[in-house]
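Everything below concerns the one structure shown next.
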Amino acid sequence: MDKEAIRLKYREERDKRLRPDGNDQYVRLTGRFSRYLDDPYTPRTEREPKTDDVTVAFIGGGFAGLLTGARLKEAGVEDVRIVEKGGDFGGTWYWNRYPGAQCDTASYVYMPLLEETGHMPTEKYAHAPEILEHCRRIGKHFGLYDDALFHTEVTGLEWDGSRSRWIVTTDRGDAFTARFLAMGIGPLHVPKLPGIPGIEDFRGHSFHTSRWDYDYTGGDPSGAPLDRLGDKRVGVIGTGATAVQCVPHLARACGELHVFQRTPSSVDVRDNRPTDPEWFASIATPGWQRRWLENFTAMQTGVLADEDLVMDGWTDIARRVRTRIAELPPEERTLERMLAAFEDSDFEKMAEIRDRVDAVVEDPETARALKAWYRQLCKRPCFHDEYLQAFNRPNTHLVDTDGKGVERITAKGVVAAGREYDLDCLIYASGFEVGTEFTRRAGYDLVGRGGVRLSERWADGMRTLHGIHVHGFPNVFIVQPTQGANLVSNIPHNLTESGRTIAAIVRHALDHGHREVEVTAEAEDAWVELLLTGTGGLLGGADCTPGYYNNEGQDAGLLGRLFVGYPHGATAFFDYIDRWRASGTFEGLAFR
Ligand code: NDP
């Protein structure tokens, strides 16, 4: 292997794609684009505005809200109101119902609260309808539907220090108060469109993958054929994890399908299979899911584990790196040598993935264009056994733009790689806002103690204790992975732990008659200092081809350096937070 030649090729491919406008290349879905956000799944029902007082208000009805709500209910906090912009629970699984949507992490660790709810995932990698149903199951099991407000968007959050209450206002006329306020809005919940000239001119049908229009395509989320596309010319813009899953379904159904590619994804083997109930019964002994979660996390974060219980695409990546490092004689295990071993393992894996393209894709030119030239964790790794195969169909055409992207959209279709493609339907698989400010993605700001806004407090980047608590914002809990475990390969695990933490704090405050809890400025500063001692994680460095993993290739400064997890890794964080919670002193928080 000529490593220097591969490094050079990676740099060339990155340089082709770097662009000065970074995140600004995308269009926000406001004004005339807001129709792309309409909910195609659930009709809106009218209700009376709420003006009462609740113990906990939670913004977001995805896994963050469900898991925190579940832990609060377990802790005897009955009065939990979830406010959700969608028509039901589910968050990302509510919105992303595109055909083929499926979880990319083994469902035995990805799907939370399996023991508590008694559910056996039907497949190693569950499909979206089963995960959405599981979200509903959690909602019902823990009584979270009772006080949930769906199709409701928060418009204002203001701390009233005289009453130690948060005042919550919404677009449905609600103006209620909450003693504690928590929020988990999801890292990927605001769809974006590429800012391509002419995007408003297209006269055909168009939608974003997170609002799939089954009325137009036919079929349904469980994989029924898209039977209204047989005479249609359809285009897909984007080739990320979403496109990789929906393209095979479109390829089977469309008259003609054009897939417009700027950067190919790395697509490794999926190898999905149904769960064998006997096998499941043999592993599902009390405490099994926690053991599996710990094992998965340990595999991911370089902690020695005797066996790989989960054996999915993520643990495969980690196992290879560890094997390489283990081959080094102990006296040679310097940081430099370990990083070199990591790079070697990456070169080997990416070569396998490129070889797979050659083995599967019949047309050599198409195969060449589908090969990913970057390190595997520069972009979200994908796993699929029908995506590459779809390009062998005579109706399915890859339109590779050599890193440039689609040039223009016209009334009739798409101009790319110097040619116009006439289309009846254009599907945007163009992803979600990631690198933009929290308050822009949330759609609201928080006005905390002394009238200070969260957008002001975080103007130079996120500052928290454990990713949860913010100084100046009493009784607020933020539920997301950054500045905590930051385990990106299994987001729900981060949220389960945050739920436990928040339930313990709320219980403690209620039991001891405390009206307020707030992180001290010193504890928050110390946590931020600690975060900055880390290496910044392995995802999306400056050498990577641009994408949301590396802020589209632009240096985000301090803001980027704070977009990290606990420097000692996810396993160490979960151990630490377990001890912190169990101590009962909640060091760094002030109760009053
Ligand atoms: P991504 O942001 O990953 O992909 C967007 C795609 O649009 C990229 O291929 C991008 O190209 C392309 N694009 C943007 N602008 C243009 C343009 N002007 N011309 C042509 N192409 C363009 O979004 P996804 O929805 O695919 O995935 C988002 C995330 O959601 C994933 O990374 C993953 O974390 C999560 N997800 C998880 C799944 C699971 O676990 N089951 C399944 C699906 C998604 P370029 O790469 O060049 O920027």
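The values are calculated or read from the model by the stated rules, or taken from the named source; none is laboratory data. Since the model is a prediction, treat every value here as computed from it, not as a measurement. Note that each Cβ is placed from the backbone with ideal geometry, even for glycine, and that neighbours are counted across all protein chains shown. Note: areas computed on protein heavy atoms with side chains; ligands, DNA, RNA excluded. Shrake-Rupley method; radii C 1.70, N 1.55, O 1.52, S 1.80 Å.
Some values worked out for this structure:
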{"item": "Every residue from segment 120-134 that is open to solvent by 30 Å² or more (accessible area, probe 1.4 Å) and over 18 Å from residue 221 (Cα atoms)", "result": "120"}
{"item": "Test set (1) aliphatic (A, V, I, L, M); (2) open to solvent by less than 20 Å² (accessible area, probe 1.4 Å); (3) modelled with pLDDT of 95 or more - residue 491 fails condition number", "result": "(2)"}
{"item": "Members of segment 509-564 found to be more than 22 Å from the chain's Cα centre (by Cα), on the phi < 0 side of the Ramachandran plot and small (Gly, Ala, Ser), listed by number", "result": "509, 521, 523, 526, 534"}
{"item": "Any hit, segment 406-414, residues being open to solvent by less than 10 Å² (accessible area, probe 1.4 Å), farther than 29 Å from residue 103 by Cα, within 13 Å of the ligand (Cβ to nearest atom) and not assigned by TED's automatic domain parsing to the domain that holds residue 542", "result": "yes"}
{"item": "Residue pairs meeting the criteria (Cβ under 8 Å; at least 6 apart or on separate chains; first over 14 Å from residue 35 (Cβ atoms) and of a type in the set (Gly, Ala, Ser), in segment 209-221; second away from the ligand (no atom under 16 Å from the Cβ) and open to solvent by less than 30 Å² (accessible area, probe 1.4 Å))", "result": "218/226; 218/229; 218/253; 219/226; 219/253"}
{"item": "Helices (runs of 4 or more DSSP H) wholly inside segment 221-311 containing at least 2 residues that are in the same structural domain as residue 416 (by TED's automatic domain parsing)", "result": "241-253"}
{"item": "Test: residue in segment 33-43 that is open to solvent by less than 60 Å² (accessible area, probe 1.4 Å), in contact (Cβ under 8 Å) with a residue 60 or more places away in the chain and part of a loop (DSSP other than H, G, I, E, B)", "result": "yes"}
{"item": "Residue check, residue 131 at pLDDT 95 or above and under 19 Å from residue 75 (Cβ atoms)", "result": "no"}
{"item": "Flag for residue 271 being surrounded by fewer than 18 Cβ atoms within 10 Å (Cβ to Cβ) and within 16 Å of the ligand (Cβ to nearest atom)", "result": "yes"}
{"item": "Candidate set from segment 425-443 (those that are over 16 Å from the mean Cα position of the chain (by Cα) and modelled with pLDDT of 95 or more); member that is farthest from residue 153 (Cα to Cα)", "result": "425"}
{"item": "Count of residues meeting criterion [within 26 Å of residue 253 (Cβ to Cβ), part of a loop (DSSP other than H, G, I, E, B) and not charged (D, E, K, R)] in segment 373-397", "result": "5"}
{"item": "Contacts under 9 angstrom Cβ, first residue in segment 100-125 being among the hydroxyl-bearing types (Ser, Thr, Tyr), partner in a strand (DSSP E or B), 6 or more apart", "result": "107/123; 122/274; 125/102; 125/383"}
{"item": "Unmet criterion (only one of (1) within 15 Å of the ligand (Cβ to nearest atom); (2) acidic (Asp, Glu); (3) closer than 25 Å to residue 48 by Cα) for residue 123", "result": "(3)"}
{"item": "Of residues in segment 173-191 being touching a Gly at 6+ places or on another chain (Cβ under 7 Å) and at pLDDT 95 or above, the one nearest to the ligand (Cβ to nearest atom)", "result": "184"}
